[in-house]
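Only the coordinates and a few stated rules stand behind these numbers; no lab work does. Note that this is a predicted model, so its numbers are computed, not measured. All Cβ positions, glycine included, derive from the backbone under ideal geometry; neighbour counts span all protein chains shown.
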Amino acid sequence: MASFLFGRIVRALVTLWAVLTLVFVLIHASGDPIAVLAPQQMNAAERATLAAALGLNLPLFVQYLRFIAGVLHGNLGVSYYSDTPALPLLLARVPVTLELVGLAIVIAALVGVPLGIAAALRPGSLADRALRGLSVLGASVPTFFLGIVLIFVFSVLTNLLPASGVGSIAHFIMPAFTLAFFRIAFFTRLVRSALLESLAQPYVRTARAKGLSEAVVVLKHALRPAALPLVTVFGLQFGQLFAGTVITETIFALPGMNRLALEALFRLDYPIILSYVLVAAAMFVAINFATDLAYGLIDPRVRHGA
Amino acid sequence: MNPAGRFAKGLIGAFLLLGLAAATARAAPGDSAADPFVVAFDGGATTLDPIMRSETTTNSWQREIFDTITMLSPSGVPEPRIATSWKNLSPDQWQLTLRQGVRFQDGTPMTPDDVGRSILDARDNPKSQYREYVSDVSGYKVLDEHTILVTFAAPDPLFPTHLSEIPVMPEALIAKEGRTAFASHPIGTGPYEFVSWLAQDHLVLEAWSGFWGAAPAFRFVRLESVPEAATRLAALLSGQVQIAEGIDPSDFGRVRTSGRATLSTVPGLRTMYLGLDVWRASDSAGMAQGTKNPFMDPRVREAVAEAINVPLIRDKIFDGAATVAAQFTPPGLEAYDPALKPTPYDPDAARKLLAAAGYPHGFSFRLDATNDRYLDDSLVAQAIGGLLGEIGLDVKVNAIPKAIFFPQTDKGDFTVYFAGWSGTDPVSTWDAIFHCRDPEAGFGHVNRARYCNPKADALMESASRTFDDAKRIALERAAYAIAEQDRAYIPLYYQDEVAGVAKDVAWQPRPDGLILVWQMKRR
């Protein structure tokens, strides 16, 4: 077990190193940060001074070695723009993204799962077909469009919700719903098909024959086996959402980490971009690990290694 | 009831509750910390260290907390701020009289050394973006507790203008705590004190009771980055923010008819122009190899200027929010000559000029532009390409990100490029973009087109040593008049500064684009 864990950790570290190196090379090939950072008025000598102060005058290989040495010391460099260490700057943005993603997942599950159950109970009914139509809509409406429509309705027309920023749970309602919308449809489809499959199983017939109420049959006996694929997808969605909040964060002006990374990318603020890659990669590893654990909790067969 | 119905009901209930809370909490913005006066910016300040970054949004946020030594009026004249008056004693000496009774927000009195060392900091810090304004300063001497004498290695007649860029910092505190600690909780002499912030996202401020000047109209202030134009508009129209910058021209009508906000516009200091390769006789980078460079011929440059219908661009792309340029210098800089008139749009004359220059059937070239730097930059580049097509030129519009565009054009990899320039004064603008290129001497580092007219350079060099305002301005105008005649560049328009302003706020945007809450009043 220990050697298995050790192997996993080594592999994760090698992956991380490869990703960081790749991103390092790619961003250095994508333009000159001094050209964006320095005001046009700045002359060549002043630019050279600035480049030297940021260490950008060194040969690329030396810059790379310094970067790797910094990473090993937990130091990802100083943001060219904010003149403060990049990693804390990024970490300050993580909670907002976490809250947003967490809330979106909860909304998607709270709405999507019951809808999926409802659809599975009466397959082919009008409600089922309406829900299927809705899920096509959910899968095809672009995030930015839905976000702007929501802002127009709930901020401009009715003035019920703030259009931008953070500060209260009200600020998160529209962004989280925007982010959840696509996933609601997704969860609905998933629960519907999984539940339909398990409802056809013999043990469900047995449960009904025992005279159990329909609610117990569906929720206890049929839903639990159907939950397994759901958890896998849940984990995958969590990871996808983390990297996928950039449009939502931008539209609703939420100070999340994806927006910061995007802005840093436009400015070629290398230390922030590299910090982002590191944090995002670490999160993916953590999510995958948590998914594995959850699997074991739900399915005894996984837990006992059957 | 099915779960969906229950959820919908819960959602509606939550909305009603929120609406009620919003309705009861409505007070005049700025009166309480819970309901501050909010400005929505297109981006956020990256640092609160006031010499690290010369960029409009960053400066706007910083200059609520910090005072600059002087301040420019809307017409570009330096006015008193921390310095109440200034006198030029000799070509290499300026004497500054400082305001009395000024304190920093931590309670310590501002000393003449704070002012002097702030100037030296801006000059010496390797990451300072304000070096060019004070690079001629050699040192300073404290004469008495409210007078300092600044000495120069080379004369700078525009020093009072340059001081409008230099913030006064608590130098003793910075020496003790270090710049990083200072930047995380900045302390200045300005109208607002720092409360909290999240870098590149928002800054919370409160009016400071110890400020030397008039107390600002709004006590609690929040400056926010709202990167999406549609969201800024929505926040303005719903009353969530009081000022929204960067309103999209296509939304002007909606603001005007909203009844909740107005549009406020002023011609800005940014000149949008075309730069043309005027140094390679052939093999210009944006043309087919082995072809002659037509732009060496002044008639071709003239034809391009006449073929671009700038009023059309102003009306169709900017809904009027741009000012047609008659010269490179925008109004608000002293070299601006009100007597000059814009080049009239005349495609027939342009075609004749092209024919006379030997190109009756036109020619092909690449037009480089940014697509992420200026308002609607790639759209304007497309329009220019279309208009030049009307006189028979075959233009390949190449709109690219600024991080690629600037290094590429700096290297000379272009034939014609479209970009913007905003300078603080006519002399440094000339030295950067018009002066014959001489990197060793620090001249012409943005002169990508390699324009060179030694006669005009000589005029500007003597202007840069002339302390008499009227004489200096005459020399500057003479130099720029030559450059306009030579068609060194083709100035197109000045970008207007446009902001959406809530009905109950009285404020005019500034030509330099700074948005300063302490200059706003209640209506």
(request) Filter the DSSP H helices in chain B by two things, a Kyte-Doolittle mean of at least 1.0 and an axial alpha-carbon span of 24 angstrom or more, and list the hits by number. (result) B:3-24
(message) Amide H of A:VAL78 versus every other amide H placed in the peptide plane: which residues, excluding those fewer than 5 positions away on the same chain, fall under 5 Å?
(response) A:ALA86
(request) Please report, to one decimal in angstroms, the Kirkwood hydrodynamic radius of the range B:269-495 built from all distinct Cα-Cα pairs. (result) 17.8 Å
(message) Quick check on the range B:70-174: take the gyration tensor over C-alpha atoms, sort the square-rooted eigenvalues as a ≥ b ≥ c, and tell me if it's rounded (a/c under 1.5), prolate or oblate.
(response) rounded
(request) Choose one of B:ALA403, B:ALA172, A:ASN258: the residue whose Cα lies farthest towards the positive end of the charge dipole of the protein assembly as shown (beta-carbon charges +1 Lys, Arg; -1 Asp, Glu; about the Cα centre). (result) A:ASN258
(message) Between the range B:451-521 and the range B:268-303, what is the separation of their alpha carbon centroids in Å?
(response) 24 Å
(message) Residue by residue through B:235-247, how many Cβ atoms from other chains fall within 10 Å of the Cβ on average?
(response) 3
(request) Using only alpha carbons, build the gyration tensor for the protein assembly as shown and give me the equivalent ellipsoid semi-axes, biggest first, whole Å. (result) 54, 32, 28
(request) Calculate the mean, over all residues of peptide B:94-107, of how many other protein chain Cβ atoms lie within 10 angstrom of the residue's Cβ. (result) 0
(request) Run the numbers on chain B and let me know its relative contact order in percent, using alpha-carbon pairs under 8 Å that are six or more apart. (result) 18 percent
(request) Quote the relative contact order of the range A:94-255 in percent (integer), defining contacts as alpha-carbon pairs under 8 Å separated by 6+ residues. (result) 36 percent
(message) Need one value for A:70-83: mean number of C-beta atoms belonging to other chains within 10 Å of its residues' C-beta atoms.
(response) 3
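Taking a ≥ b ≥ c as the square roots of the Cα gyration tensor eigenvalues, with a/c under 1.5 meaning rounded and otherwise prolate when a/b beats b/c, else oblate, which class fits the range B:403-523?
oblate
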(request) Would you mind telling me the antiparallel percentage of the DSSP bridges in chain B, rounded to 5? (result) 80 percent
(message) Can you give me the angle between helix A:44-54 and the longest principal axis of chain A, using Cα atoms only, in degrees from 0 to 90, rounded to the nearest 10?
(response) 50 degrees
(request) Compute the relative contact order of chain A as a whole-number percentage, counting only Cα pairs closer than 8 Å that sit 6 or more residues apart in sequence. (result) 26 percent
(message) Ignoring everything except DSSP H segments at least 4 long, calculate the 222 nm mean residue ellipticity for chain B; use -39,500 (n - 2.57) per segment, divide by total residues, nearest 500.
(response) -9000 deg cm²/dmol
(request) Run through the DSSP bridge list for the protein assembly as shown and note the antiparallel percent, rounded to the nearest 5. (result) 80 percent
(request) Would you work out if chain B is rounded, prolate or oblate? Take a ≥ b ≥ c from the square roots of the eigenvalues of the alpha-carbon gyration tensor; rounded if a/c is under 1.5, else prolate when a/b is larger than b/c, oblate otherwise. (result) oblate
(message) Give me the dipole magnitude in Debye, nearest 20, for chain B about the Cα centre, with unit charges on the beta carbon: positive for Lys and Arg, negative for Asp and Glu.
(response) 1100 debye
(request) Among A:VAL111, A:PRO88, B:VAL241, flag the residue with its Cα farthest along the positive direction of the charge dipole of the protein assembly as shown, charges on Cβ as +1 for Lys/Arg and -1 for Asp/Glu. (result) A:VAL111
(request) May I ask what percent, to the nearest 5, of DSSP beta bridges between residues of the range B:269-495 are antiparallel? (result) 60 percent
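Can you put A:SER213, A:SER79 in order of Cβ neighbours within 10 angstrom, beginning with the fewest?
If I rank by nearby Cβ atoms, fewest first, I get A:SER213, A:SER79.
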(message) In the protein assembly as shown, if the dipole is taken from +1 on Lys/Arg beta carbons and -1 on Asp/Glu beta carbons about the Cα centre, which of B:THR329, B:ILE65, A:MET283 is farthest to the positive end?
(response) A:MET283
(message) Nearest 10 degrees is fine. How inclined is helix A:223-243 to the longest principal axis of chain A, computing both from alpha carbons?
(response) 20 degrees
